[in-house]
Each structure stands twice: as C-alpha cells, then as structure tokens.
There are 2 protein chains.
Amino acid sequence: MAEEAGIRPGELRIDLPASFDAGLYFIGRIRTPFKSRSECPKNTAESEAIGTIELDQRFAAGLEDVGPYSHLWLVYWMHQARRDLVRQVPAHLGRPRGTFALRSPVRPNPIAIAAVELVGVAGTILTVRKIDCVDGTPLIDIKPYFASTDSFPNAKRPG
Amino acid sequence: MAEEAGIRPGELRIDLPASFDAGLYFIGRIRTPFKSRSECPKNTAESEAIGTIELDQRFAAGLEDVGPYSHLWLVYWMHQARRDLVRQVPAHLGRPRGTFALRSPVRPNPIAIAAVELVGVAGTILTVRKIDCVDGTPLIDIKPYFASTDSFPNAKRPG
C-alpha cells in the first residue's frame with residue numbers, strides 16, 4: 001500500500017488494466033543538467049538548458065535530414081512516474097484536476113512530448129535547447145516540428 | 001520476407017531490439033470518418049473532420065477540467081504501421097528521408113501526436129475537430145495544449 005500512502009486528499013487512484021496492449025522500445029537516452037526530478041524546470045518554457053540526445057546506433061540513419069529543422073519534438077518515457085492517478089493535486093495548483101487536463105508526468109501512459117530547439121546534429125548525438133527532463137530519461141521518438149500542424153498561438157487554457 | 005518485399009528503393013530496414021522496454025495501455029478509441037489509411041487526410045492541417053474519442057470508463061475522472069481548453073493533444077498508436085524502417089521514401093516526397101525527419105506513421109514506436117480543436121465533452125466522449133487518423137485508432141493519452149510551451153509559429157523546416 002506504499003502507493004496509497006502517497007496520495008494527496010482529493011486525488012483518485014484506479015486499478016490499471018491487467019495487461020499491456022502494446023510495447024515500446026527505448027531508442028536512446030536524454031542527458032540533461034538535472035540529476036533529480038526536484039531539480040527540473042517546471043516546463044520547457046522556463047528552461048534555456050542545453051541537453052544532448054544519445055540515439056542508439058541501431059537507429060542512426062533515422063537522423064538523416066533532421067539538421068535543417070529549427071525545432072523538434074522529443075517523445076520520452078517518464079520512467080519515474082506512477083500511472084494510476086486519474087485525478088491529481090499538483091503542488092503548484094493546490095486543488096484537484098483531471099489527469100488529462102494536466103501535463104503532469106503521472107498518467108496511464110507516462111509519455112511526454114516536448115518541443116525543443118535543435119542546436120546541432122553530430123553522428124548519433126543531437127544537441128537541443130529548452131530541455132526540462134531528468135538526466136537519463138529514455139527516448140522513444142523524435143519528430144520534426146511543423147508550424148502548420150503544431151502551432152496554435154491563440155490556444156486558450158483556464159487560469 | 002513479406003516485409004522486405006514492401007521496401008521501396010532507397011529505404012533502409014533494421015532489425016528491431018529483441019524485446020520491449022515498456023508497456024502501453026490503450027485507454028480508448030478514436031472514431032473518425034476514415035475507414036482506411038488511404039481515405040485519411042495527409043495531416044491535421046488539411047482536415048476539418050470531426051472525430052469522437054471514446055475513453056474507457058476506467059479513466060473517466062481524468063477528463064474533469066478538460067472542457068475549458070480550446071485545443072488538446074491526442075497521443076495515439078498507429079497500429080497498422082511497420083516499425084523497422086529508419087530511412088523512408090514517402091510517396092508524396094519521392095526521395096529518401098530519415099524517419100526522424102518525417103511525421104510518417106512508420107517509426108520504431110508508432111506514436112502520433114495530433115493537436116485538435118476541442119468541440120465538447122460529454123461523459124467519456126470527447127468531440128474534436130481536425131482529426132486525420134483512421135477509424136478505430138487506439139488512444140494512449142490526452143494532454144492539454146499550452147501555447148506557452150507548444151506553439152512556435154516561426155519554426156523552420158526544409159522545403
């Protein structure tokens with residue numbers, strides 16, 4: 001019941017499904033200046049930190065043609081996050097909110113998406129700016145950022 | 001060798017790792033007007049189509065507080081895509097490009113991210129606009145869209 005003990009008043013835990021429906025490969029690691037979750041910036045907007053992506057050699061050819069993009073999406077696995085809370089009380093918010101209304105690492109599938117600035121590509125190493133994750137985070141995908149499909153500067157959010 | 005036969009000149013296939021590193025739960029399904037991949041729009045920017053997200057009842061509380069957002073990220077699993085090409089020749093491009101420089105469904109982890117407009121929430125059903133995926137696509141996450149971290153209208157891409 002160690003997990004139960006970690007729940008804040010107002011949070012809601014569920015029983016997760018008995019088995020997985022699909023499997024992920026970790027394709028590399030993200031190296032950052034942040035050695036623990038408590039050191040991480042709140043989000044990429046508050047970070048100018050430089051990180052490096054170490055892609056596994058197996059996938060090296062996948063980086064061809066990535067260089068000309070100014071921004072990339074990193075898709076990564078938040079391996080330290082629990083998966084069983086559907087309602088959470090983030091410390092910065094102080095009140096409950098549904099998991100799908102939050103970018104919290106805690107979610108049924110702890111996948112993060114982070115838009116970063118591409119600084120450079122050298123072999124299987126990418127250097128990026130605006131990184132906010134903990135050092136050693138497993139990488140699961142890299143995608144080019146397309147302003148045409150991804151940029152909504154006027155998107156609204158509650159206060 | 002059926003997969004080998006499906007490779008275009010210039011494409012590069014790799015041997016994938018022998019085992020998975022993490023497991024995903026499918027948390028719902030995306031219902032769209034597109035019954036096959038050939039019917040799908042090229043991307044969300046070219047779609048005004050309405051789709052519905054059927055979230056599994058188990059995760060219902062996770063949708064609390066989602067209503068006020070104008071845009072959401074859908075994270076979904078492109079279950080029809082092969083995973084072993086690191087260099088591809090997209091039909092619309094006609095020349096090879098590295099997988100991580102493409103938004104193609106074919107990638108080591110066939111996860112898509114799609115920014116959609118939220119039309120409404122009713123129980124465990126979300127209605128969204130600008131959907132481009134095939135009917136029945138498995139959902140793996142929903143995230144709020146934050147202009148502060150996600151919107152880069154001046155992001156550059158190669159021609």
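Assessment of segment B:127-134 against the conditions (more than 7 Å from every other protein chain (Cβ to nearest Cβ), open to solvent by 10 Å² or more (accessible area, probe 1.4 Å), free of Cβ contacts under 8 Å to residues at least 24 places away in the same chain and in a strand (DSSP E or B)) yields no matching residue. Quick check: is even one residue across segment A:55-76 farther than 30 Å from residue B:15 by Cα and open to solvent by 50 Å² or more (accessible area, probe 1.4 Å)? So far as segment A:55-76 goes, no, none of its residues is farther than 30 Å from residue B:15 by Cα and open to solvent by 50 Å² or more (accessible area, probe 1.4 Å).
Count of segment B:4-48 residues, restricted to those that are open to solvent by 90 Å² or more (accessible area, probe 1.4 Å), in contact with a Leu (Cβ under 7 Å, 6 or more places away or on another chain) and either part of a loop (DSSP other than H, G, I, E, B) or at positive phi (or both), is 1.
If the condition is being within 12 Å of the chain's Cα centre (by Cα) and away from chain A (no Cβ under 11 Å), then segment B:97-126 contributes only B:105. Within segment B:59-69, is even one residue within 16 Å of the chain's Cα centre (by Cα) and within 28 Å of residue A:104 (Cβ to Cβ)? No, segment B:59-69 has no match at all.
The residues in segment B:135-148 that are within 22 Å of residue A:157 (Cα to Cα) and open to solvent by 10 Å² or more (accessible area, probe 1.4 Å) can be counted, and the count is 3. Checked against (1) surrounded by 22 or more Cβ atoms within 10 Å (Cβ to Cβ); (2) at the interface with chain A (Cβ under 7 Å from one of its Cβ atoms); (3) more than 23 Å from residue B:52 (Cα to Cα), residue B:152 meets all criteria but (1). State yes or no: is residue B:121 touching a Gly at 6+ places or on another chain (Cβ under 6 Å) and open to solvent by 10 Å² or more (accessible area, probe 1.4 Å)? Yes: the conditions hold for residue B:121.
Residue-by-condition table, conditions (1) in contact with a Phe, Trp or Tyr (Cβ under 8 Å, 6 or more places away or on another chain); (2) away from chain B (no Cβ under 14 Å); (3) within 24 Å of residue B:150 (Cα to Cα):
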| residue | (1), (2), (3) |
| --- | --- |
| A:9 | no, yes, no |
| A:15 | no, no, no |
| A:18 | no, no, no |
| A:21 | yes, no, no |
| A:33 | no, yes, yes |
| A:38 | no, yes, yes |
| A:44 | no, no, yes |
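When segment B:105-118 is filtered for residues that are in a loop (DSSP other than H, G, I, E, B) and either touching a residue at least 60 places away in the same chain (Cβ under 8 Å) or open to solvent by 10 Å² or more (accessible area, probe 1.4 Å) (or both), the ones remaining, listed by number, are B:105, B:106, B:108.
For segment B:72-85, the criterion of being outside any loop (DSSP other than H, G, I, E, B) and out of contact with any Asp or Glu (no Cβ under 9 Å at 6 or more places or on another chain) is met by none of the residues.
Acidic (Asp, Glu), in contact (Cβ under 8 Å) with a residue 12 or more places away in the chain and more than 18 Å from residue B:8 (Cβ to Cβ) - does that describe any residue in segment B:78-85? Checking segment B:78-85: not a single residue is acidic (Asp, Glu), in contact (Cβ under 8 Å) with a residue 12 or more places away in the chain and more than 18 Å from residue B:8 (Cβ to Cβ). Is it the case, given these coordinates, that residue A:51 is more than 9 Å from every other protein chain (Cβ to nearest Cβ) and buried (at least 18 other Cβ atoms within 10 Å of the Cβ)? Spelling it out, residue A:51 is indeed more than 9 Å from every other protein chain (Cβ to nearest Cβ) and buried (at least 18 other Cβ atoms within 10 Å of the Cβ). Number of residues in segment B:56-96 that are of a type outside the set (A, V, I, L, M), over 22 Å from residue B:138 (Cα atoms) and more than 10 Å from chain A (Cβ to nearest Cβ) equals 3.
The values are calculated or read from the model by the stated rules, or taken from the named source; none is laboratory data. Every value quoted in this text rests on a predicted model; they were computed, and no experiment measured them. Note that each Cβ is placed from the backbone with ideal geometry, even for glycine, and that neighbours are counted across all protein chains shown. Remember, those area values only see protein heavy atoms, side chains included, never the ligands or the DNA or RNA. Shrake-Rupley method; radii C 1.70, N 1.55, O 1.52, S 1.80 Å.
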